[in-house]
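None of the figures in this text is laboratory data; all of them are computed from the coordinates on show. Values in this document were obtained by computation on a predicted structure and should not be read as measured data. We place every Cβ from the backbone using ideal geometry, glycine too, and count neighbours over all the protein chains shown.
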Amino acid sequence: MTQTTQELLSWGITQLTPVFGEGARTDARSLLAHAMGIERGMLSVKLHDPVCGDVTKVFQRAIVQRVKHQPVSQIIGAREFWGRRFKITPDVLDPRPDTETLIEEVLKQPAPKTILDLGTGSGCILLTLLAEFKTATGTAVDVSGKALAVATENAAALGLSDRVTFKQSDWFENISGQFDLIVSNPPYITAKAMDEIAPDVRDWEPRMALTPEGDGLDAYRIIAKNAAQYLAPKGQLFLEIGWDQAASVLEIFHQQGFQNGRCIQDLAQKDRILHFHPPKTA
Ligand SMILES: C[S@@+](CC[C@H](N)C(=O)[O-])C[C@H]1O[C@@H](n2cnc3c(N)ncnc32)[C@H](O)[C@@H]1O
């Protein structure tokens, strides 16, 4: 007997509820809309329609993946960030809403001509900024060649390829020149916190995107040591940080001559972004 959309959705929610509790409903709706090839908001008007066998198969497979804690964005293969769709694979961090705070702050600044994004992952930060600052060019850096391949595809899909250079590099190692704007959301979770993190993150997202190991601050130490050399005289640096890292990261930058750090909070009122100008040269 043919099932309705509602019946299939209820089956999915029943499978996910023991694992995800209240999150089951949202996830099941996202996965079913994906299987049907429609926007999530359109599901409500299709609930009484019969579903075809192909949709059922795709949805059942997606539910099996989700029960194994694979993130919804990886199953669907995409995530919306600042209103644009980015391809997501297990090789890149799933862009977080917190990171949109960085975009919001940068967009309050005068338009930069050149942007450097350290640890670009899916490219969500740099490509969003290039889409908003229509005459800027950017350099996307990642140590992961697989991440750069995803960012390259995202640039093409957004029609931005001609304004981006992709560089495989250990932070600044293969980078030259100076930039009006440097942005980074580096890995910052401590090795200890990684032991307690949700399996959706720990088992499915690239470890090197999440943690630099140890106290979680090594990427900031490298950026603090080198950034002045790569910032244009009136350049600006924006970094995402963990909610409890502001004092430590400000101190790291202070020691390298950055006297003027400013901390910005995210929508949950947690410290999330640091903003620096280049140190004053004597
Ligand atoms: C937290 S993810 C951020 C990804 C993306 N910018 C975002 O905000 O969603 C950190 C990124 O830094 C990259 N990364 C880690 N170590 C690196 C290194 N030594 N040099 C350059 N990139 C590195 C990871 O591959 C990952 O893509």
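Against the empirical 2.2 N^0.38 Å (N residues), region 172-247 has a Cα radius of gyration ratio of 1.25. In terms of its C-alpha gyration tensor, region 68-156 has a prolate overall shape, because the principal axis ratio a/c (a ≥ b ≥ c, square roots of the eigenvalues) is not below 1.5 and a/b outweighs b/c. Looking at region 18-115, the GluC sites (Glu not before Pro) that sit in a DSSP loop and have at most 11 other Cβ atoms within 10 Å of their own Cβ are E22, E39.
Size of the chain: Rg and Dmax of its alpha carbons, in Å, are 20.8, 80.
Ordering A62, L116, A131 by Cα displacement along the dipole of region 28-141 toward the positive end leaves A62 in first place; charges were set at the Cβ atoms of Lys, Arg (+1) and Asp, Glu (-1).
Structural size metrics of region 137-208, computed from C-alpha coordinates, are Rg and Dmax of 14.8, 42 Å. Multiplying the residue separation of A268 and V19 by 0.36 nm and removing their Cα-Cα distance gives an extension gain of 87.1 nm. Identify the trypsin sites (Lys or Arg not before Pro) of region 75-166 meeting these criteria: DSSP loop state and at most 14 other C-beta atoms within 10 Å of the C-beta. Loop-located and lightly packed - K108, K113, K134.
A Cβ-based charge dipole, computed about the Cα centre of the chain with Lys and Arg at +1 and Asp and Glu at -1, lands at about 500 debye. Answer rounded, prolate or oblate for region 1-117, using the Cα gyration tensor with square roots of eigenvalues a ≥ b ≥ c: rounded when a/c is under 1.5, else prolate when a/b is larger than b/c, else oblate. Prolate shape, in that a/c is at least 1.5 and a/b is the bigger ratio.
Can you compute the equivalent ellipsoid semi-axes for region 89-219, i.e. the square root of 5 times each eigenvalue of the Cα gyration tensor, sorted largest first and rounded to whole Å?
Numbers: eigenvalues 124, 45, 43 Å².
In descending order the semi-axes read 25, 15, 15 Å.
Region 256-270 and region 68-144 have Cα centres lying 20 Å from one another. The value given for region 129-282 is a Kirkwood hydrodynamic radius of 16.7 Å, derived from the mean inverse Cα-Cα separation.
How big is the antiparallel share of DSSP beta bridges in region 44-175, given as a percent to the nearest 5?
Details: 4 of 14 bridges.
The answer is about 30 percent antiparallel.
How high is the relative contact order of region 169-254, given as a whole-number percent (alpha carbon pairs under 8 Å, six or more residues apart)? Could the numbers behind the result be given before it?
Numbers: 95 pairs, mean separation 37.1, N = 86.
Computed over region 169-254, the figure is 43 percent.
Loop-only GluC sites (Glu not before Pro) in region 122-229, please: DSSP not H, G, I, E or B, and at most 15 other Cβ atoms within 10 Å. Numbers along the way, then the final one.
Values: sites: E132, E153, E173, E196, E213; in loops: E173, E196, E213.
Those satisfying the criteria are E173, E196, E213.
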